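Written below as structure tokens is the structure these notes are about.
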Amino acid sequence: LFMLNKTDELKGKKVVVTAGPTVEAIDPIRYITNRSTGKMGYAIAYEAALRGADVTLVTGPTNLKVPFGIKEAVEIKSSRDMYEAVYSNFKDADILIKSAAVADYRPKNIYSSKIKKKDDDLKLELERTDDILKSMGELKENQIIVGFAAETDDLIENAKGKIEKKNLDFIVANDVKQEGAGFANETNIVKIISRDSNIESLPIMSKKELSKVICDKIIDIIHKR
Ligand code: CTP
Ligand code: CA
């Protein structure tokens, strides 16, 4: 029998992890989405489960199998679905890790019938989605909140701004312009920036290794409380 090498570092902790993209319908055939495979979030969910946590994985559509040891997996499609799933799990959560790539905009109207092509241009009106992490930051009591940021420019400045705006404990900032970073890659090159502006520049590492670093960092915060 396959045995998990479990520790109890996160035993009794409820950890909510979001993963993958959200998809926003345009009509019954088409949608808008983000580039995300879900690998990072799934790796974190698995690592947290190995440390004994009760993990709720809120996931957009991916090609991945729900990892062994996850307590609950909630499959969602739109950012609104994700908002609801995160919201309903946040109050009794100890830790929220938000690695999902959430759509910032969605079509203002979802057409109930297929949009047929015409000769002229098609204009789609997009509206803002709710910022899930920012909303949870406002509801935060004792939860540890970890955000992600994928940036092409001004990585540190942008990531620091997100810590403040979303009331995060730390952010995992990914410079997606670098070779080997982000998206479909097996590896990430990130900087972990904490509330006190401490910047930890990590070498290129697998998503599994990065998951361990993230869990260690969370455990460290718990110990320092
Ligand atoms: N996020 C979220 N809800 C949204 C958008 C983003 O919860 N509607 C979360 C992401 O899951 C991530 C963090 O916020 O953990 C940062 O996402 P990112 O896209 O980098 O930042 P934004 O605030 O959306 O700003 P921008 O895309 O303009 O850089
Ligand atoms: Ca965004």
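The values are calculated or read from the model by the stated rules, or taken from the named source; none is laboratory data. Fair warning: this is a prediction, and the values are worked out from it, not measured in the lab. Note that each Cβ is placed from the backbone with ideal geometry, even for glycine, and that neighbours are counted across all protein chains shown. With ligands, DNA and RNA removed, areas are computed over all heavy atoms of the protein, side chains included. Shrake-Rupley method; radii C 1.70, N 1.55, O 1.52, S 1.80 Å.
What the table below lists for this structure:
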quantity: Mean shadow area of segment 84-225 over all directions, Cα convex hull, nm²; calculated: 11.4
quantity: Antiparallel bridge percentage (DSSP; both residues within the chain; nearest 5); calculated: 40
quantity: Vicinal HN-Hα couplings computed from phi for segment 25-35 (Karplus, 6.51 cos²θ - 1.76 cosθ + 1.60; Hz; Gly/Pro x); calculated: 5, 9, 8, x, 9, 10, 8, 10, 8, 10, 7
quantity: Sparsely packed trypsin sites (Lys or Arg not before Pro) within segment 105-148, loop by DSSP, other Cβ within 10 Å at most 11; calculated: Lys108, Lys114, Lys116, Lys117, Lys118, Lys123
quantity: At q = 0.17, 0.24, 0.31 Å⁻¹, base-10 log of I(q)/I(0) for segment 15-60 (Debye sum, equal scatterers on each alpha carbon); calculated: -0.53, -0.78, -1.03
quantity: Entries in Lys6/Lys212; Lys11/Lys191; Lys166/Lys212; Lys71/Lys140 that, when Cα-Cα distance is taken, lie over 18 Å; calculated: Lys11/Lys191; Lys166/Lys212; Lys71/Lys140
quantity: Residue of Ser112, Ser201, Ser79 that the Gaussian network model of the chain assigns the largest fluctuation, springs spanning Cα pairs under 10 Å; calculated: Ser112
quantity: Equivalent ellipsoid dimensions for segment 1-82 as semi-axes, Å, which come from the Cα gyration tensor, largest first; calculated: 28, 12, 9
quantity: Accessible-area order (highest first, 1.4 angstrom probe) of the listed residues Leu139, Leu10; calculated: Leu139, Leu10
quantity: Cα gyration tensor of segment 36-142 - equivalent ellipsoid semi-axes, whole Å, descending; calculated: 32, 17, 10
quantity: Residues Glu141 and Lys11, FRET efficiency given R0 of 30 Å [Cβ-Cβ distance, rounded to 0.05]; calculated: 0.90
quantity: Residue with peak Gaussian network fluctuation, the chain [Cα springs, cutoff 10 Å], from Leu210, Leu126, Leu57; calculated: Leu126
